[in-house]
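These notes are about the structure you will find just below.
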Amino acid sequence: MADLTLVIGNKNYSSWSLRPWLYLKHFGFSFEEIRVPLFTEGYKEKILKHSPTGKVPYLRDGELGVWDSLAVMEYLADQYPEKKGWPEDPKARALARAVSAEMHSGFFGLRENLPMNCRKIFEVFVPPENAIQDISRVRQIWKSCRSQYQSGGPWLFGEFSIADCMYAPVVMRFHSYGVELGEVEQEYVKTMRNHPAIVEWLSASKVEVEVIEKYETIG
Ligand SMILES: N[C@@H](CCC(=O)N[C@@H](CS)C(=O)NCC(=O)O)C(=O)O
């Protein structure tokens with residue numbers, strides 16, 4: 001019997017937290033959620049009580065603690081294989097891992113210039129050059145995945161997978177900053193934003209009271 005606890009940051013701002021939270025919700029895990037609002041008085045100490053990194057997300061499963069969003073989902077996919085976190089086909093699985101690793105280890109222009117702020121719409125936003133390159137690469141990934149796997153379902157690899165959790169925060173960023181997208185990417189954004197777990201996350205982000213000033217202004 002799973003005894004899972006996920007430590008996360010603010011739903012409005014914590015893009016890394018959204019990933020495993022969405023995974024757990026999508027696959028119907030029951031888990032306790034501990035929310036630590038980031039950059040508030042004593043937040044680091046609160047996180048350090050759980051995670052040795054002082055960062056979120058962090059998963060506890062009984063005696064075991066796992067940190068890092070991708071490692072958490074990898075663990076859950078290994079430990080609960082019936083949930084099928086990765087595509088079953090080895091080639092699709094290799095690509096899903098590649099695009100997930102690419103997201104995990106890069107896209108600094110996107111992270112730096114379009115921080116996740118779920119409840120905000122920035123009316124006028126002109127992305128700087130390094131963000132433009134990242135946006136264009138994300139669009140390329142989504143289009144390529146959708147064209148190859150559309151017959152299997154509406155997600156990047158047809159059925160929902162860890163790759164979708166990795167790109168969920170990007171969907172929120174593109175929406176907030178009004179990033180121009182083609183039809184295929186717009187459809188993917190719509191699919192993600194209509195996911196019941198995302199609807200739940202977004203409503204919770206709206207009622208959070210904490211404000212992190214540096215994520216409220218552009219540039
Ligand atoms: N690679 C880590 C990154 C974790 C991370 O940077 N988390 C941010 C929240 S979005 C954090 O805890 N920031 C608080 C801090 O750095 O003090 C992961 O994927 O979990």
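Coordinate-derived values only; no laboratory data. Quantities reported herein were computed from a predicted structural model and do not represent experimental measurements. Cβ placement follows ideal geometry from the backbone for every residue including glycine, while neighbour counts extend to all protein chains displayed.
Of all residues being among the small types (G, A, S) and over 22 Å from P115 (Cβ atoms) in region 52-80, which is farthest from the ligand (Cβ to nearest atom)? Just the residue, please. Among those residues, the one meeting the criterion is G62.
Select, from K83, K49, K44, the only residue that is more than 10 Å from the ligand (Cβ to nearest atom) and more than 15 Å from A197 (Cβ to Cβ). Can you show your working first?
Numbers: K83 fails: more than 15 Å from A197 (Cβ to Cβ); K44 fails: more than 10 Å from the ligand (Cβ to nearest atom).
That would be K49, the only listed residue that is more than 10 Å from the ligand (Cβ to nearest atom) and more than 15 Å from A197 (Cβ to Cβ).
Where helices (runs of 4 or more DSSP H) sit wholly within region 94-182, those with at least 1 residues that are more than 28 Å from E200 (Cβ to Cβ) occupy 108-113, 129-149.
Matching residues to (1) over 22 Å from V36 (Cα atoms); (2) free of Cβ contacts under 8 Å to residues at least 40 places away in the same chain; (3) surrounded by fewer than 18 Cβ atoms within 10 Å (Cβ to Cβ); (4) among the β-branched types (V, I, T):
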| position | (1), (2), (3), (4) |
| --- | --- |
| A71 | no, yes, yes, no |
| Y75 | yes, yes, yes, no |
| G85 | yes, no, no, no |
| K91 | yes, yes, yes, no |
| L95 | yes, no, no, no |
| A98 | yes, yes, yes, no |
| P115 | no, no, no, no |
| C118 | no, no, no, no |
| E123 | yes, no, yes, no |
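Inside region 198-219, residues that are under 23 Å from E159 (Cα atoms) and buried (at least 19 other Cβ atoms within 10 Å of the Cβ) make up a count of 2.
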